[in-house]
């Protein structure tokens, strides 16, 4: 991964020095102001919880299918890259996570324990990379069970400041729970008015029972029945 690592390093250094531009195609931050504020707060919480750990691997997972976890993960990864100057890997557990599809050979890497540069794609001239672990649940299961996966993850930690993994929705696949046991922390996305708190709490408890560290929850699509300017005065 020498070429990609050098590109990430250069991009991250430029942003840290205060470069005004926001990266190449696909990196422009399009999140709404409320969501952007939530993601900034989430980033700070993650740093505090993991004590600014280098190469932190974070799983984002929804409590219910269709809770837009992939979109939120994309915005979080873009923000960490463009605003924080971090070297970021956005990793789709099943399926691509950006319009620009990343080639992937994760099963071979997880078997051998060695990274392959072709499994990662740099987004424009940014410090954001994308990759894809598997195309379906059975392939993902094989990757997670492969003997060389721990070595691959350790090598990835050396290349990136933060890794954001988009996992299958809880309750739809056991791989979401299996992923939770190998990452540093989990963020659960809940859609307001759709996912019952009791169900979300049950899923969080199940992950924690398997050794997962739940870092926080994102309440998505919250509806404000009082105008926002009134909320700010309360």
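Applying the condition of being crowded, with 22+ Cβ neighbours inside 10 Å and out of contact with any helix residue (DSSP H, G or I) (no Cβ under 8 Å at 6 or more places or on another chain) to segment 47-70 and asking which residue is modelled with the lowest pLDDT yields 67.
Checked against (1) surrounded by 16 or more Cβ atoms within 10 Å (Cβ to Cβ); (2) out of contact with any helix residue (DSSP H, G or I) (no Cβ under 6 Å at 6 or more places or on another chain), residue 83 passes all but a single condition, namely (1). Residue 170 meets the conditions (1) surrounded by 19 or more Cβ atoms within 10 Å (Cβ to Cβ); (2) modelled with pLDDT of 85 or more in every case but one. The failed one is (2).
Checking each residue in segment 71-98 for being closer than 13 Å to residue 132 by Cβ and modelled with pLDDT under 90 picks out 94, 95, 96, 97, 98. Taken as a whole, the structure leaves residue 14 outside the set of residues that are more than 25 Å from residue 176 (Cα to Cα), in contact with a helix residue (DSSP H, G or I) (Cβ under 9 Å, 6 or more places away or on another chain), at pLDDT below 85 and outside any loop (DSSP other than H, G, I, E, B).
To keep it simple, each residue is scored yes or no on (1) touching a strand residue (DSSP E or B) at 6+ places or on another chain (Cβ under 6 Å); (2) buried (at least 16 other Cβ atoms within 10 Å of the Cβ); (3) at pLDDT 90 or above; (4) more than 22 Å from residue 45 (Cβ to Cβ).
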residue: 161; (1), (2), (3), (4): no, yes, yes, no
residue: 186; (1), (2), (3), (4): yes, yes, yes, no
residue: 191; (1), (2), (3), (4): yes, yes, no, no
residue: 205; (1), (2), (3), (4): no, no, no, no
residue: 214; (1), (2), (3), (4): yes, yes, no, no
residue: 220; (1), (2), (3), (4): yes, yes, no, no
residue: 226; (1), (2), (3), (4): no, no, no, yes
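The values are calculated or read from the model by the stated rules, or taken from the named source; none is laboratory data. Quantities reported herein were computed from a predicted structural model and do not represent experimental measurements. Every residue, glycine among them, receives a Cβ derived from its backbone with ideal geometry; neighbour counts consider all protein chains shown.
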